[in-house]
Amino acid sequence: MKEIQHFLYGGDYNPNQWDRATWKEDMVYFKDARINSATVNVFSWAKIQPSEHEYDFSELDDIMDMLTREKYQIVLATSTAALPAWMFKKYPEVGRTDFEGRHHKFGQRHNACPNSPIYQKFARRLASKLAERYGDNPQLAYWHINNEYGGECFCENCEKAFRVWLKDKYGTIEALNKAWNLEFWGHTVYEWDEIVLPNALSEGISYENTAFAGISIDYRRFNSDSMLENFKMERDAIREWDKDTPITTNLMGTYRYLDYFKWAKEMDIVSWDSYPAYDTPWSEVALRHDLMRGLKKQPFMLMEQTPSQQNWQPYNSLKKPGQLRAQSYQTIAHGANTIQYFQLRRSIGACEKFHGAVIAHSGTTNTRVFREVKQIGEELEAIGKELLATNIKSKVALIFDWDNYWALEYTSGPNKDLTYVDQIHHIYQYFYYRNIPVDLVSIDDDFSDYQLVLAPVLYMVKEGVAENIEKYVANGGVLVTGFMSGLVDQSDNVYLGGYPGPLRELCGIWVEEIDALAPEQSNQIAWKDGQTGIGTLVSDIIHLETAEALASYDSNFYKGTPAVTVNDYQDGKVYYFGTELDDSLLATLLNEVVSHTEIERQVPDTKLEIISREGKESTFTFIINFTNEDVQIPEMFAGQTDYLTNQTIKDQHELAPFDVLLMKE
Ligand code: GLA
Ligand code: ZN
């Protein structure tokens, strides 16, 4: 596989929206900003295939020639994420049917039915033609299939394909009836063609609610698989012509609808688009990067970020001076080996005309944004390739699982405020604020290299999961889990015999009931050393079996019963928290947990984000200030040289808001 030997710096480039004089200007401006790559052909299907039997690559040829001549690395997209109008007109089936059951007309993008044979035929053919034509271009760095796969389709073709998918999964109609618990409300089916898709016309109540979570979760799995098949189809078409250019598609962080762990197995490299809102905590941005790195446990590409504002958020604030730079280095620190923007030149019309870009509507380089882009470009050019061969080393694994994501949020009761990513983020923050690196891992990962495995809200325990965790703990591992864990199997059917089902022996407890707390309600919690705090969201009513209590409820009718427990299980330990602990109690718990591991804090307490990427020859340490004030950097760094500015770090050196230091050892 081809490997790029320098930091890719560039972004989405749509010269097709501009005249040739502007192209010329772009080439000069981009060079000035040290941009060395361009992602092209993302939404050009209508241009390169004006009708069913006609292809016209002349403009794309010119774009490719220009970029090749000017020595840009090219990220070539396949354009299949927005359908041409003629295709809709002639073959309405290529469009999607939405959750409400409305079949869509031509419009928008991400609008293809993944199970339309006609869409598949045209998409495959387009990918193949592009690969045949451009696959041997020496400047071609990556293939970018489609764009931000996502959404859902509930059309007739999808319904038929769903039945095939189910037959393959369950084998018999009896097994399916059992898995979906169709005795409930007399929903038993006898023939495969009685099965319908779970949208608003059937079991779906809303996007978040369903009468049968088992059906809706299977639909999500199927929908994710359907789009993945689309990706694989284009990938394989490209591979017939081009054996060695890595192939990716741009993912979206904690995006709900696609099982990215499954996707990543089919991708040569993970790439993703990072669009935090003005109020997204930096810890959550970091979590998303860690998840994207975790998909393959490898560095990833940042395929898109805005140089300044967005257009599609409710409030599209400008990035403050220095923020783009700080955000870019945070991205790199968490594993990115490219920085790419959406987009290089700002559009004049349609909904993205106010979306930030490297070149603004003024058409000059004399802008604050351009200067910042250029500064980052110069710095990345100087960093060179050594950084590319490094990665984050973590002893903490935090499980992220899309089946759990879906199941937890679909389940009816006990508390509607239970949202998956918030729960993952809550526990992640403890480590983030202590600068302890975390790997986001899949549920079937081999945990043996980790000192600590965190499995919050492990609601769905699929086949093999409990055994995998048991093996880890039995061999001396430390596990943290808690409320809403061990409750259901892969079909959302409850494990009988007492919660937390297959995790009961591991946790050494029995949960008899689960109380729900409304936003204005909370329970007092008393830690064994006397510390007090509150628990919210849900409260498990816990009986100790082999575990001991670390904290108990100090209010409500279950006052005095355990709220947090620890259990010795063979050579390891299992911690369980029965309610959402406030930050300070969660810290008390995790302090205790960490003290039973060999996890060592690399840096003392600080408000700065500090994270290292280690390689065979060198270690790069990033220090970033995401606070609003100057912060003194830890003494241990005094005397070292900032790789970005070549300045020596003084004693009591203060880092300004959004400022960054990079150290190399
Ligand atoms: C997404 C898309 C881009 C663009 C940006 C705008 O990430 O992939 O085409 O629309 O959003 O933020
Ligand atoms: Zn469909």
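The values are calculated or read from the model by the stated rules, or taken from the named source; none is laboratory data. The structure displayed is predicted, hence computed values, not measured ones. Note: ideal-geometry Cβ built from the backbone for every residue, glycine included; neighbour counts use all protein chains shown. Protein only, heavy atoms only, side chains kept; ligands, DNA and RNA dropped before computing areas. Shrake-Rupley method; radii C 1.70, N 1.55, O 1.52, S 1.80 Å.
Report, for region 396-595, the % of DSSP beta bridges that are antiparallel, rounded to 5. Provide the component values of the computation, followed by the final result.
On the way: 29 of 46 bridges.
Within region 396-595, antiparallel bridges account for around 65 percent of the total.
According to a simple spin-label model (label point 7 Å from Cα along Cα-to-Cβ), what is the distance in nm between ASN475 and THR648?
4.8 nm
In the full protein assembly as shown, how much of ASP417 is accessible to a 1.4 Å probe, in Å² to the nearest 10?
Taking all protein chains as shown, ASP417 has close to 60 Å².
In nm, to one decimal, how far is the modelled label at LYS121 from the one at GLU600, with both set 7 Å along Cα→Cβ?
6.5 nm
If I take R0 = 41 Å and measure r between the Cβ atoms of LYS559 and GLN108 in this structure, what FRET efficiency does the formula 1/(1 + (r/R0)^6) give, to the nearest 0.05?
E(calc), rounded to 0.05, equals 0.15.
Around LEU655, what is the net charge, scoring Lys/Arg as +1 and Asp/Glu as -1 over all other residues with Cβ under 12 Å from its Cβ? Could the numbers behind the result be given before it?
On the way: positive: LYS607, LYS650; negative: GLU609, GLU629, ASP630, ASP642, GLU654, ASP659.
Net of charged neighbours comes to -4.
Could you give the spread of the C-alpha atoms of region 156-217 along their three principal axes, from largest to smallest, in whole angstroms?
29, 27, 16
List the trypsin sites (Lys or Arg not before Pro) in region 191-263 that DSSP assigns to loop (not H, G, I, E or B) and whose Cβ has at most 11 other Cβ atoms within 10 Å. Which are they?
LYS243
How high is the relative contact order of region 609-664, in percent, with contacts defined as C-alpha pairs under 8 Å that are six or more residues apart? Could you put the intermediate results ahead of the total?
Details: 103 pairs, mean separation 21.8, N = 56.
The value is 39 percent.
Explain nothing, just the number: dipole magnitude of region 245-381 about its Cα centre with +1 on each Lys and Arg Cβ and -1 on each Asp and Glu Cβ, in debye rounded to the nearest 20.
Computed charge dipole of region 245-381: roughly 180 debye.
Any idea how far the Cα center of region 303-347 sits from the one of region 477-540, in Å?
Cα centres, region 303-347 to region 477-540: 39 Å.
Given N residues in region 609-664, what is Rg(Cα) / (2.2 N^0.38 Å)?
The reported ratio for this selection is 1.09.
Could you give each residue of region 183-189 its phi-based ³J(HN,Hα) in whole Hz, using Karplus coefficients 6.51, -1.76, 1.60 with θ = phi - 60°, and x for Gly or Pro?
Along region 183-189, the couplings run 4, 4, 6, x, 9, 3, 10 Hz.
Taking the Cα atoms of region 559-665 alone, what are Rg (to one decimal) and Dmax (as a whole number) in Å?
Values for region 559-665 (Cα only, Rg and Dmax): 19.1, 59 Å.
Only helices at least 20 Å long along their own axis, judged from Cα atoms, and with Kyte-Doolittle mean hydropathy of -0.5 or greater: name those in the chain from DSSP H.
Going by DSSP H runs, the hits are 282-296, 368-383.
Please calculate how many Å² of accessible area the chain carries per residue, with a 1.4 Å probe and no DNA, RNA or ligand atoms counted.
40 Å²
What is the sum of charges around SER522, taking Lys and Arg as +1, Asp and Glu as -1, for the other residues whose C-beta is under 10 Å from the C-beta of SER522?
Neighbourhood net charge equals -3.
Report Rg/Rh for region 396-595, rounded to two decimals, where Rg is the Cα radius of gyration and Rh the Kirkwood radius.
0.92
Name the lysines eligible as straight-distance cross-link partners of LYS559: C-alpha to C-alpha under 28 Å, and not fewer than 8 places from it in the same chain.
Correct list for LYS559: LYS416, LYS528, LYS573.
On alpha carbon coordinates alone, what is the Rg over Rh value for region 11-136, Rh being the Kirkwood radius? Don't skip to the answer; put the middle values down first.
Details: Rg = 16.4 Å, Rh = 15.8 Å.
Computed over Cα atoms, the ratio is 1.03.
Quote to one decimal, in nm, the extra length available between GLU378 and ALA518 on full extension: 0.36 nm per residue of separation minus the C-alpha distance between them. Provide the component values of the computation, followed by the final result.
On the way: separation 140, 0.36 × 140 = 50.40 nm, distance 5.19 nm.
Length gained between GLU378 and ALA518: 45.2 nm.
If you take every DSSP beta bridge fully contained in the chain, what fraction is antiparallel? Give it as a percent rounded to 5.
55 percent
Mind ranking HIS53, HIS6, HIS110 by accessible surface for me, highest first, 1.4 Å probe?
On the way: HIS53 155, HIS6 65, HIS110 45 Å².
Correct descending sequence by accessible area is HIS53, HIS6, HIS110.
Under a point spin-label approximation (7 Å from Cα along Cα-to-Cβ), what is the ALA277-SER51 distance to one decimal in nm?
With each label placed 7 Å out from Cα toward Cβ, I get 4.7 nm.
Count neighbours as other Cβ atoms within 10 Å of each site's Cβ, and list the chymotrypsin sites (Phe, Trp or Tyr not before Pro) in region 291-355 that are DSSP loop with at most 15 such neighbours.
TRP312, TYR315, PHE354
Sort region 242-372 into rounded, prolate or oblate with this rule: let a ≥ b ≥ c be the square roots of the eigenvalues of the Cα gyration tensor; rounded if a/c is under 1.5, and if a/c is not under 1.5, prolate when a/b is larger than b/c, oblate otherwise. List each step's numbers first, then the result.
On the way: a/c = 1.82, a/b = 1.58, b/c = 1.15.
Cα axes put region 242-372 in the prolate bin.
Note down the net charge around CYS113, summing +1 for each Lys or Arg and -1 for each Asp or Glu among other residues with Cβ under 12 Å from its Cβ. Display every interim value, and only then the final one.
Numbers: positive: ARG96, LYS160; negative: GLU93, ASP98, GLU152, GLU156, GLU159.
Overall, the nearby charge balance is -3.
Strictly over 28 Å apart at the Cα level, which of LYS129/LYS385; LYS160/LYS462; LYS24/LYS90; LYS160/LYS232 would you flag in this model? It would help to have the intermediate numbers written out before the result.
On the way: LYS129/LYS385 33 Å; LYS160/LYS462 26 Å; LYS24/LYS90 38 Å; LYS160/LYS232 20 Å.
Result: LYS129/LYS385; LYS24/LYS90 exceed 28 Å.
Considering amide H positions built from the backbone, and no H for Pro or chain starts, which residues 5 or more places from ALA336, or on another chain, come under 5 Å of its amide H?
It is PHE300, by chain and number.
Please report, as a whole percent, how much of the solvent-accessible surface of the chain comes from carbon and sulfur atoms (probe radius 1.4 Å). Working shown, then result.
Values: 12920 of 26930 Å².
The nonpolar share, carbon plus sulfur, comes to 48 percent.
Treat the chain as a sphere of radius equal to its Kirkwood radius over Cα pairs and apply Stokes-Einstein at 37 °C in a medium of 0.692 mPa s; give the translational diffusion coefficient in µm²/s, rounded to a whole number. Please report the intermediate quantities before stating the final value.
Details: Rh = 26.7 Å.
Translational D for this selection: 123 µm²/s.
If I take R0 = 60 Å and measure r between the Cβ atoms of ASP630 and LYS178 in this structure, what FRET efficiency does the formula 1/(1 + (r/R0)^6) give, to the nearest 0.05?
With a Förster radius of 60 Å, E is 0.45.
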